[in-house]
Amino acid sequence: MEPKFQTWGVRKLTVVDGGHVSMPDVLKQSLYVDDDCGVPRATAIVPHLKERCPAVDVEAIQMEIPAPGNPVSPSVLDDCERLQTLVASSDVVFLLTDTWESRWFPTLLCANENKMAITAALGHDSYLVMRHGAGPGTRSGNMDDVIAQIQNLSTEDALGRQRLGCCFCNDTASLFNSISDETVALPGLTSIVSGKAVELFARMLHHPEGIHAPGDMAGMDTEHQLGLLPHQMRGSLPRCDLSTVISNSSNDCTACSNIVLSEYRREGLNFVMQAINQPTYLKDLTGISNLIKSDTCLKLPASFPVNSGKLSSARCLLLGAGTLGCDVARILMVSFMVRATFMLNYRHRLTEHLVNHGGY
Ligand SMILES: [Zn+2]
């Protein structure tokens, strides 16, 4: 039997990273090789992506992502403005950076711009993959006046639903706290998480309500082609479990609450600079985020009928070209094998097909 392939086929990638490839990166990260050591990740990743898929349209930008509490570099204002432009011109943003704080400003921008955002986070043996809810809607439409928009920001989204939370609405920072320089994620965890992040994006892209889709829970019936669209997936390798979780946006979230977005719309980058320079500014403004609970297992569908046109035209902004960034970029653009029957006489043809189509 001929192998059958299916492809996500994403062709428009922008990768942002401020780091350099180190020897541990070569061992841990799926794209880099020994010769890349010392080279900026944003430079090194491009030829490896094009080797796997010559048709990919990839732009890589070497830039630190401005973050609260980090030492302010002379270029921080330029970096903020550049990130604003990048998020505004993208269809989806993947938050894959090594630090929690560096995800704050992109999360705020996505909520403000109502952009799809996917967070992937690794612990030593556990993980989280989630999609951020839509940005706050306004109580009446077509308001051009910025002040009117600020005063009418709603806790609901544009469809009048309670907004789903972002990664700063709950306790996901605890995953980062469990990692130190001496500990690393279990082998295989990165590929699991990266694959689920891309799946979640593809399902949201194909869902008729897109970013406004309510969160599905494990075991629900669904009529959607690609299956359930959870808000959050949390897994643990030692416990062999995968849970779906829903959490609504928090009124005191430091990244997506009305009070934060109102300040951002009113003060622009002055607000962002205060948040970066004053460690307690955001907490003073909002209070502390809420915690969430977990639920039962998610059953994944066996096959994914996809709209290749939607996927190939989606503009994906990947923040981070490290362990997660390499895997997410690779999985986004390259084919994967849905079904293959290995028979001795067909083994050679199968190998040729895998090579020709970039499958694995
Ligand atoms: Zn939030």
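Just so you know, all these numbers are worked out from the coordinates, no wet-lab data involved. Nothing here was measured: the structure is a model prediction, and the numbers come from that model. Positions of Cβ are backbone-derived with ideal geometry, glycine not excepted, and every protein chain shown enters the neighbour counts.
Per-residue HN-Hα couplings for region 48-60, Karplus 6.51 cos²θ - 1.76 cosθ + 1.60 at θ = phi - 60°, whole Hz, x for Gly and Pro?
Result, rounded to whole Hz: 5, 5, 6, 4, 7, 8, x, 7, 5, 9, 10, 10, 10.
Among the listed pairs LYS115/LYS283; LYS50/LYS283; LYS12/LYS283, which are separated by more than 31 Å between their Cα atoms?
Table pairs above 31 Å Cα-Cα are LYS50/LYS283; LYS12/LYS283.
In whole angstrom, how far apart do the alpha carbon centroids of region 5-39 and region 227-260 sit?
27
Using a 10 Å cut-off on Cβ atoms, rank the peptides 159-165, 114-120 from the highest mean neighbour count down.
Final packing ranking: 114-120, 159-165.
Explain nothing, just compute: Karplus ³J(HN,Hα) = 6.51 cos²θ - 1.76 cosθ + 1.60, θ = phi - 60°, for every residue of region 255-264 in order, whole Hz, x for Gly and Pro.
10, 10, 6, 4, 5, 6, 5, 4, 5, 5
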